[in-house]
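Trainee: Next up is a structure, given as C-alpha cells.
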Amino acid sequence: MLVIRAEQMDMLKEAALRSFEDAMVRHLYLFAPHHCEGIGEENVRRVIRLGLERSAAYGFTARGPVRFYLELMFMFGSHFDTDPQLPRWTAEILQDGTIDDQMLRADRLHERTLDYLRVVAGPDNAYARKAVQNFRVIAAQPLPFSAETLVNGLLTAMQQLYPERYTYVGEEALRALIEEGRTMAERQAMMTVRGVTLCSLLMFELGHGCFNDPLYPWIARTFDGQTDDPNQRVQRLERRVMAYLELILKRLAQG
C-alpha cells in the first residue's frame, strides 16, 4: 500500500506550484513582453507570487481565473483590486459571495473589463498611448498651481493627461486618489507641491499601489540611499519617471 507522508505531500505541492509559476512566466512574457523584459524574470515571479496570494483571497484558485487576475495586474497595477480609480464593479464582482463558481465570476469580470478598455483605452489602446505622451509633456512643465490650488490643479492635470479615464472614473474617486498621493509624498519625505503632484500622477498612470509594486521596481529603487532633502528626492524621482516615459514612448514608436 502506497503511503505518502506529509513531507512528500508538501514537496508535491511545491513542485506543482513551481510548475504553475513557470507556466505563468511563459504566459506573461507573451502577454506583456516589453514589460516583462524590462523588469526581469525575478520581478515577474514576484508579481506572480503576489497575484497568487491576492487572487486566492477572492477564491480564485483555478488556473484560468488566476491567469486572468495576473493579466489584470499587468494592465492596471498589482493592487488594482483596491484602486479607487477603477470602477466599483471590479471589487463587487471579486467579492460577490452569491456566485460560488470562480470561473463565472472571472468571466463576468472579463466582460466588464473589455467594456472598460473599449471606453478608456480606446481602439488599439489609442487613448492609453496618448496618455503616456501627455504625461511626458506635463511632467516636463513647471507646475501651474500652488499649494492652495493643489487639488483642483491636479484634477485639471489628470483631465488633460487622460481625459477618457478622468471622465469614466469621476472626480470623487480621483480626489480620493490625490489624498493617497499626498500620503505617499509624506511617507517618501517628498512633502512639497511637486512631490504630491508627482506621486498623484504616477498613481493615476500606473495604479495607486505603484510605489510598492514589483511591476515597477525602479520606483522603490529611486529612494535607496537618498538624501533627506525633499526637493532632491523629488528631482531624483522626476528623472527616473522621465527616463521611464522615454522608454515607453520608444517602445510605442517601434510598435
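The values are calculated or read from the model by the stated rules, or taken from the named source; none is laboratory data. All figures in this text were calculated on a predicted structure; none of them were measured in a lab. Cβ atoms come from the backbone with ideal geometry, glycine included; neighbour counts cover every protein chain shown.
Trainee: Can you pull out every residue in segment 179-237 that is within 17 Å of PHE135 (Cβ to Cβ), among the small types (Gly, Ala, Ser) and assigned to a helix (DSSP H, G or I)?
Mentor: GLY181, GLY195, SER200
Trainee: What are the residues in segment 26-50 that are surrounded by 16 or more Cβ atoms within 10 Å (Cβ to Cβ) and of a type in the set (A, V, I, L, M, F, W, C), if any?
Mentor: Scanning segment 26-50 gives LEU28, ALA32, CYS36, ILE39, VAL44, VAL47, ILE48, LEU50.
Trainee: Return the pair list, or none, for Cβ contacts closer than 9 Å from residues in segment 126-142 that are surrounded by 14 or more Cβ atoms within 10 Å (Cβ to Cβ) to residues that are in a helix (DSSP H, G or I) and of a type in the set (S, T, N, Q), at least 6 apart or on different chains.
Mentor: Here the result reads ASN134/GLN160; ILE138/GLN160, each pair linking segment 126-142 to a residue that is in a helix (DSSP H, G or I) and of a type in the set (S, T, N, Q).
Trainee: So, restricting to helices (runs of 4 or more DSSP H) that lie completely within segment 45-147, which ones have at least 2 residues that are more than 18 Å from GLN159 (Cα to Cα) and of a type outside the set (A, V, I, L, M)?
Mentor: 63-76, 88-94, 102-120
Trainee: Select from segment 156-172 the residues that are surrounded by fewer than 16 Cβ atoms within 10 Å (Cβ to Cβ) and either not assigned by TED's automatic domain parsing to the domain that holds LEU237 or not polar (S, T, N, Q) (or both) and list them in ascending order.
Mentor: Of everything in segment 156-172, those that are surrounded by fewer than 16 Cβ atoms within 10 Å (Cβ to Cβ) and either not assigned by TED's automatic domain parsing to the domain that holds LEU237 or not polar (S, T, N, Q) (or both) turn out to be PRO163, TYR168, GLY170, GLU171, GLU172.
Trainee: Ok, one more. Output the residues belonging to segment 186-197 that are surrounded by fewer than 22 Cβ atoms within 10 Å (Cβ to Cβ) and either closer than 21 Å to GLY153 by Cα or in the same structural domain as HIS79 (by TED's automatic domain parsing) (or both).
Mentor: Of everything in segment 186-197, those that are surrounded by fewer than 22 Cβ atoms within 10 Å (Cβ to Cβ) and either closer than 21 Å to GLY153 by Cα or in the same structural domain as HIS79 (by TED's automatic domain parsing) (or both) turn out to be GLU186, MET191, THR192, VAL193, ARG194.
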